[in-house]
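Undergrad: Take a look at this one; I'll ask things after.
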Amino acid sequence: MASQPLVQANGLAKSYSAPRRTASPTMALRGVDFAANAGEVVAVVGPSGSGKTTLLYCLAGLEPATAGQIRLFGADLGTLTGDRQADLRSQHVGFVFQRFNLIGSLDAEANAMLPAQMAGKRVDRDAAAAAFAQVGLRGRARFLPRELSGGEQQRVALARVFLARPAIVFADEPTGSLDTRTGREVMDLLVKTAQDGACVVMVTHDLDLAALADRVVILVDGSIHAHLSAPSPAQLLDAFQQVDR
């Protein structure tokens, strides 16, 4: 029997109220069906404003769905209290946001270790040093966020995820602040995270990196335009260009 997806959405819709009463609501997602399993990387790509980040936030329970069902680790998010959802995320979910959400008064190491410690997971400085070496931050552990570049802050956010050892990682443009070489190294780390048994769901604008995923979902105007399995960069580019045509 196939294992149950770690995250699954059926008929997922999300709308936002218009600023004026007479205007129609903005539909960010329109009946999306989505699933991701342990051990795989799923990349979500699409034009700006297509609903990619909204999809990620709804799947993680950070945004409530307007309609449809989302199951995270088999639990129906619509039936869980806010506290129960937060507990589920704390224990099993890792995030890499476009905004790095680092605490300014804590150094890089403390920022990286905090989520794992709050979840009651054992983590020490040796593990932190190994995670920092993984993401190319050796020697930067004692720096405050304001003393780090945007790319370095992004790598602290990645080290934070690796230390927490989550079952699923939601990554919103995880390489957006990095140069090409470092971005590829980070993508390789995310792929390895999946190979070690986790699930990675990532939003990216970089089609070359997206082509390294096991599956790619192309989202257009809040709906799935195409669903590709292990596409080559050329196949992905062709499918993406069809959106413009």
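Undergrad: Starting from the exponent 0.38 and prefactor 2.2 Å, build the expected Rg for region 34-77 from its residue count and divide its actual Cα Rg by it.
TA: Compactness ratio reported: 1.22.
Undergrad: Between Ala129 and Gln235, take the C-beta separation as r, use R0 = 41 Å, and let me know the FRET efficiency to the nearest 0.05.
TA: 0.55
Undergrad: Using only alpha carbon pairs under 8 Å that are at least six residues apart, calculate the relative contact order of region 32-95 and give it in whole percent.
TA: Values: 23 pairs, mean separation 10.0, N = 64.
It comes to 16 percent, rounded to a whole number.
Undergrad: List the chymotrypsin sites (Phe, Trp or Tyr not before Pro) in region 43-106 that DSSP assigns to loop (not H, G, I, E or B) and whose Cβ has at most 16 other Cβ atoms within 10 Å. Which are they?
TA: Here the sparse-neighbourhood loop sites are Phe73.
Undergrad: With labels modelled as points extended 7 Å from the Cα through the Cβ direction, what inter-label distance (nm, one decimal) is found for Ile103 paired with His227?
TA: 4.0 nm
Undergrad: For labels at Ser48 and Phe73 in the simple 7 Å Cα→Cβ model, what's the distance in nm?
TA: If labels sit at Ser48 and Phe73, their model points lie 3.7 nm apart.
Undergrad: Normalised by the number of residues in region 7-244, what is the relative contact order in percent for Cα pairs under 8 Å and 6+ residues apart?
TA: Relative contact order of region 7-244: 28 percent.
Undergrad: From a point 7 Å beyond the Cα of Thr66 in the direction of its Cβ, which residues of region 32-54 have a backbone N at a distance under 18 Å?
TA: Flagged as within label range: 32-34, 49-54.
Undergrad: Can you list the residues, at least 5 places off or on another chain, whose amide H is less than 5 Å from the amide H of Ser15, using H built in the peptide plane?
TA: Ala28, Thr66
Undergrad: Charges at C-beta only: +1 for Lys and Arg, -1 for Asp and Glu. How large is the resulting dipole of the chain about its Cα centre, in Debye rounded to 20?
TA: Working: 24 positive and 24 negative charges, 101 e Å.
The calculation lands at about 480 debye.
Undergrad: Please give, to one decimal in nm, the separation of the simple spin-label points placed at His205 and Gln117, each 7 Å out from Cα toward the Cβ.
TA: With each label placed 7 Å out from Cα toward Cβ, I get 3.5 nm.
Undergrad: With point charges of +1 on the Cβ of Lys and Arg and -1 on the Cβ of Asp and Glu, referenced to the Cα centre of the chain, which listed residue (Gly31, Gly49, Ser15) lies farthest in the positive direction of the dipole?
TA: Ser15
Undergrad: Report for the chain the percent antiparallel among DSSP-assigned beta bridges with both residues inside it, nearest 5.
TA: DSSP beta bridges in the chain are roughly 55 percent antiparallel.
All of the numbers you see were taken from the coordinates with simple rules; none came from a lab. Since we're looking at a predicted model, the values are computed, not measured. Quick reminder, even Gly has a Cβ in these numbers, built from the backbone with ideal geometry, and neighbours come from all protein chains shown.
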